[in-house]
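Below is one structure, written out as C-alpha cells, with a few remarks after it.
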Amino acid sequence: IFNIRLKKSLCIEFNLKCKFFLQPFLSSKNPLHIVEQETLDKLPFKDFKNVQLSWYEIAAAEIKKIPETDNIKFFDITDIFQNENELIYYDLGHYNDFANNLIADKIFETFNTKYY
C-alpha cells in the first residue's frame, strides 16, 4: 500500500496518467487445475488458501481508501481466472504464458475504454 501511495504521488507530481491493477492470485482461482491444487496441498501452512484470500481482501480494502483522480485509476482484476480450467500458475504466485496473455488482454481493454 505504501508503494502504491508513493507511485500515486509521483503520478500526480509529474501529471502522469497511471493505472494500478490488483493482480489475480492462486487462492482466488476457481476451479483449481489439478497441478495448482497439488501445489496448495503440499504446503506445510494450515489454511493457506483462506489466509491468502483474507490478505487480498485487506489489501483491496486499503487500496479503495486511496482516492482516484482524473489521472489515477485502480482496477481489480483478481477474478480474471474465475471459471478457468486451464493451468495458470507455475507455483504459488507466478503465471504461465497462457495466464500472462489473459492478463495482458484485460489490461489492454482498459486502454480501449475511456477512463480519463
### Query
What is the dipole size for region 38-116, taken about its Cα centre, with +1 at each Lys and Arg Cβ and -1 at each Asp and Glu Cβ, in debye to the nearest 20?
280 debye
#### Entry: Computed [θ] at 222 nm, helices only, for the chain once each DSSP H run of length n ≥ 4 contributes -39500 (n - 2.57)
-14000 deg cm²/dmol
### Query
Label Asp91 and Ile66 with points 7 Å out from Cα along Cα→Cβ: what is the distance between them in nm?
2.6 nm
### Query
Rank Leu43, Leu10 by accessible area, highest first, at a 1.4 Å probe radius?
Leu10, Leu43
### Query
How about region 1-79: which chymotrypsin sites (Phe, Trp or Tyr not before Pro) there lie in a loop by DSSP and see at most 12 other Cβ atoms within 10 Å?
Phe14, Phe45
### Message
At 0.36 nm per residue, and after removing the present C-alpha to C-alpha distance, how many nm does the segment from Thr110 to Glu57 gain when stretched out fully?
### Response
16.8 nm
### Query
With the other protein chains left in place, how much accessible area per residue, in square angstrom, belongs to region 1-84 at a 1.4 angstrom probe?
67 Å²
### Message
For a 27 Å ceiling on Cα separation, which of these pairs sit above it: Lys8/Lys42; Lys17/Lys65; Lys29/Lys73; Lys42/Lys106; Lys42/Lys65; Lys42/Lys64?
### Response
Lys8/Lys42; Lys42/Lys106; Lys42/Lys65; Lys42/Lys64
### Query
Amide H to amide H under 5 Å from Phe74: which residues, 5+ apart in sequence or cross-chain, H placed 1.01 Å off N in plane?
Phe20
### Asp76 paired with Asn100, simple spin-label distance in nm, labels 7 Å along Cα-to-beta-carbon
2.8 nm
### Summary
Carbon and sulfur atoms account, in whole percent of the 1.4 Å probe accessible area of the chain, for 55 percent
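The values are calculated or read from the model by the stated rules, or taken from the named source; none is laboratory data. The shown structure was predicted, so the numbers you read here are calculated from the model rather than taken from an experiment. Note: ideal-geometry Cβ built from the backbone for every residue, glycine included; neighbour counts use all protein chains shown. These accessible areas exclude ligands, DNA and RNA; they are computed on the full protein's heavy atoms, side chains included. Shrake-Rupley method; radii C 1.70, N 1.55, O 1.52, S 1.80 Å.
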